[in-house]
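**Q** Below you'll find the structure I mean.
The values are calculated or read from the model by the stated rules, or taken from the named source; none is laboratory data. Keep in mind that this is a model prediction, so the values were computed, not measured. Here Cβ is always computed from backbone atoms with ideal geometry, including for glycine, and neighbour counts include all displayed protein chains. Quick note on the areas: whole protein, heavy atoms, side chains included, nothing else; ligands and nucleic acids left out. Shrake-Rupley method; radii C 1.70, N 1.55, O 1.52, S 1.80 Å.
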Amino acid sequence: MPIQDKVAAAKRIDEMLKAVIPNGGFRLKYRIVVNPPAADEFEKPDILVELAGPDSTMLLARGGELLRSFEFVATKVLGLESEDHEKVSFDCQNFKAMRHQELSLAAGVAAERVRKSGVPFEFAPMSARERRLIHLALKQSGDLRTESQGEGARRWVVVYPMDHKGGAPRQKPFGRRR
């Protein structure tokens, strides 16, 4: 379900941030944009929150874990269902665009590896949004298919040759742990 009143939703996010930032001792400023221009083909949020300040590095540490946490809290404040979480996006120092580019490149490398070896490739566990980016990046590959494996926060993407029979590889997912 889309956000019905985007301006009211932005005001609720502003109220949340006015409580969280000073009470958390964060040295951050933010800007909230309703109906921002699309940053890329994969993410078109209704509300964008851009954060900056001396504590930006804290937001981006551990793969943007705190940045994603702020975003998660905002979606809960707005009462959004999980399929609507992409309607609100938090960013800092263009982190998301760089991460999208990184994932797109990783998807290309994984695709080539699977094409050459015929062996499925497992990504490390990642967020639902990041898994979606991998799926979309490889969607047009007629010789490959992707599936999400695992449960909860430990889900990851597996890239298979289209004609692969059998289960997922039994190795641990490679890459960064999240």
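**Q** Run through every distinct alpha carbon pair of the chain and return the Kirkwood hydrodynamic radius in angstroms, one decimal place. Please report the intermediate quantities before stating the final value.
**A** Values: mean 1/r = 0.0568 Å⁻¹.
It is 17.6 Å.
**Q** Efficiency by 1/(1 + (r/R0)^6): what FRET value for Asn23 and Ala153, r their Cβ-Cβ distance, R0 = 25 Å, to the nearest 0.05?
**A** The pair Asn23/Ala153 has a calculated efficiency of 0.45.
**Q** Counting every Cα pair in segment 83-147, what percent are over 16 Å apart?
**A** Taking all Cα-Cα pairs of segment 83-147, the fraction more than 16 Å apart is 49 percent.
**Q** Also: What distance in nm separates the two pseudo spin-label positions at Leu136 and Val33, each 7 Å out from Cα along the beta-carbon direction?
**A** 1.7 nm
**Q** Also: Give me the percent of accessible area attributable to carbon and sulfur for the chain, probe 1.4 angstrom.
**A** 54 percent
**Q** How much length would be gained if the chain were fully extended between Lys116 and Gln93, taking 0.36 nm per residue of separation minus their Cα-Cα distance, in nm to one decimal?
**A** Contour length minus Cα-Cα distance gives 4.6 nm.
**Q** On to the next question. With a bin width of 10 angstrom, please list the P(r) values of segment 3-78 as percents of all Cα-Cα pairs, from the 0 bin to the one holding the largest distance.
**A** Cα pair-distance distribution for segment 3-78, in percent: 17, 52, 29, 2.
**Q** Leaving out ligands and nucleic acids, note down the accessible area per residue over the chain with a 1.4 angstrom probe, in whole Å².
**A** Solvent-accessible surface per residue comes out at 58 Å².
**Q** Write out the GluC sites (Glu not before Pro) in segment 1-88 meeting two conditions: DSSP loop, and at most 14 other Cβ atoms within 10 Å of their Cβ.
**A** Within segment 1-88, the qualifying GluC sites (Glu not before Pro) (loop, at most 14 other Cβ atoms within 10 Å) are Glu41, Glu81.
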